[in-house]
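The values are calculated or read from the model by the stated rules, or taken from the named source; none is laboratory data. Computed from a predicted structure; not experimentally measured. A quick note on method: Cβ atoms are made from the backbone with ideal geometry, for glycine too, and the neighbour counts reach across all protein chains shown. Heavy atoms of the whole protein, side chains included, go into the accessibility calculation; ligands, DNA and RNA do not. Shrake-Rupley method; radii C 1.70, N 1.55, O 1.52, S 1.80 Å.
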Amino acid sequence: MASGQLSREEALACVGCRHACHILLYADTEAQLFEEIPIRHIVLMQMRFDGLLGFPGGLVEPSEESLEEGLSRELWEELGFSLSVTVEDHVSSCHNPSSSSSHPITHFYARRMEEKEIREVEKAAASTATDHGHEVMGMVRVPLYTLKGGGGGLPSFLSHSFIGNSRSQLEDALVRFGLVTPEELQTALKHAAQRRK
Ligand code: GTP
Ligand code: MN
Ligand code: MN
Ligand code: MN
Ligand code: MN
Ligand code: MN
């Protein structure tokens, strides 16, 4: 099978493939940084046990559970929050190159929430989630603004290291859901590339 995007159904038809499902949780916010810079949206990622950034979610066993049931189970483990994910939340599926046991097909989901619900997720993730301090070192919010001078904010965030293709999942989703404009993302990526030099 070639690498790249495929439908949820094509992905499930793959015999012997492993599957992983992750989700982007986001909300609008009126909050401002330093009473001056609009935060605009809250976007959640996590610091993983391996020191890489990624989305909450994990490996799913399609012979035992649907992709969405498996993702909901992972969210209970990693966030301590009960959220029933549906097919409507599905965004994309990606078959990675050299797909082997270490590279599952990755399914990406997104769910828009209220700011209040996002705060509840953050609270649960830091207290009752069974994986807190084990698989998950903590939830983080993605800064969407770029500070004066060009480097701080989203550019710095994007210059960290990410698991699998979660960095491109983030970039695609930010534009797809109108959380930043394509121009803002391009500018941030340019500054991020300079930071990594
Ligand atoms: P265990 O319970 O320890 O098995 O972990 P898990 O089920 O939570 O799995 P994990 O979240 O680590 O995801 C499984 C695999 O999917 C990882 O080894 C990565 O290859 C990939 N992966 C992890 N997070 C992401 C992500 O946010 N996006 C994408 N595209 N892939 C990810
Ligand atoms: Mn302060
Ligand atoms: Mn997990
Ligand atoms: Mn996980
Ligand atoms: Mn797991
Ligand atoms: Mn686990």
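Remarks
- Evaluated against (1) within 14 Å of ligand 5 (Cβ to nearest atom); (2) closer than 17 Å to V140 by Cα; (3) assigned to a loop (DSSP other than H, G, I, E, B), F81 falls short on exactly one condition, (1).
- Selected residue (criterion: least open to solvent (accessible area, probe 1.4 Å)) from residues of segment 6-37 that are within 16 Å of ligand 3 (Cβ to nearest atom), within 18 Å of V87 (Cα to Cα) and not hydrophobic (A, V, I, L, M, F, W, C): H19
- Subset of segment 17-52 [on the phi > 0 side of the Ramachandran plot and more than 21 Å from the chain's Cα centre (by Cα)]: F34, E35
- Residue tally, condition within 21 Å of C21 (Cβ to Cβ) and of a type outside the set (D, E), over segment 148-178: 13
- Single residue of segment 49-62 satisfying the filter (open to solvent by less than 40 Å² (accessible area, probe 1.4 Å) and more than 18 Å from C14 (Cβ to Cβ)) that is farthest from ligand 3 (Cβ to nearest atom): L53
- Verdict on L79 being buried (at least 22 other Cβ atoms within 10 Å of the Cβ) and within 16 Å of ligand 6 (Cβ to nearest atom): yes
- Taking the criterion of being touching a Ser or Thr at 6+ places or on another chain (Cβ under 6 Å) and within 16 Å of ligand 6 (Cβ to nearest atom), the residues of segment 19-54 that qualify are A20, L52, G54.
- Within segment 38-47, the residues that satisfy the criterion of being in a strand (DSSP E or B) and either in contact with a Leu (Cβ under 7 Å, 6 or more places away or on another chain) or open to solvent by less than 40 Å² (accessible area, probe 1.4 Å) (or both) are H41, I42, V43, L44, M45, Q46, M47.
- Selected residue (criterion: farthest from ligand 1 (Cβ to nearest atom)) from residues of segment 101-142 that are assigned to a loop (DSSP other than H, G, I, E, B) and exposed (fewer than 15 other Cβ atoms within 10 Å of the Cβ): E114
- Any hit, segment 9-31, residues being of a type in the set (G, A, S), in contact (Cβ under 8 Å) with a residue 12 or more places away in the chain, part of a strand (DSSP E or B) and under 17 Å from S168 (Cα atoms): yes
- Put simply, of T187, T130, T181 the only residue that is polar (S, T, N, Q) and within 16 Å of ligand 4 (Cβ to nearest atom) is T130.
- Test for F162: is it within 22 Å of R111 (Cα to Cα), buried (at least 16 other Cβ atoms within 10 Å of the Cβ) and within 16 Å of ligand 4 (Cβ to nearest atom): yes
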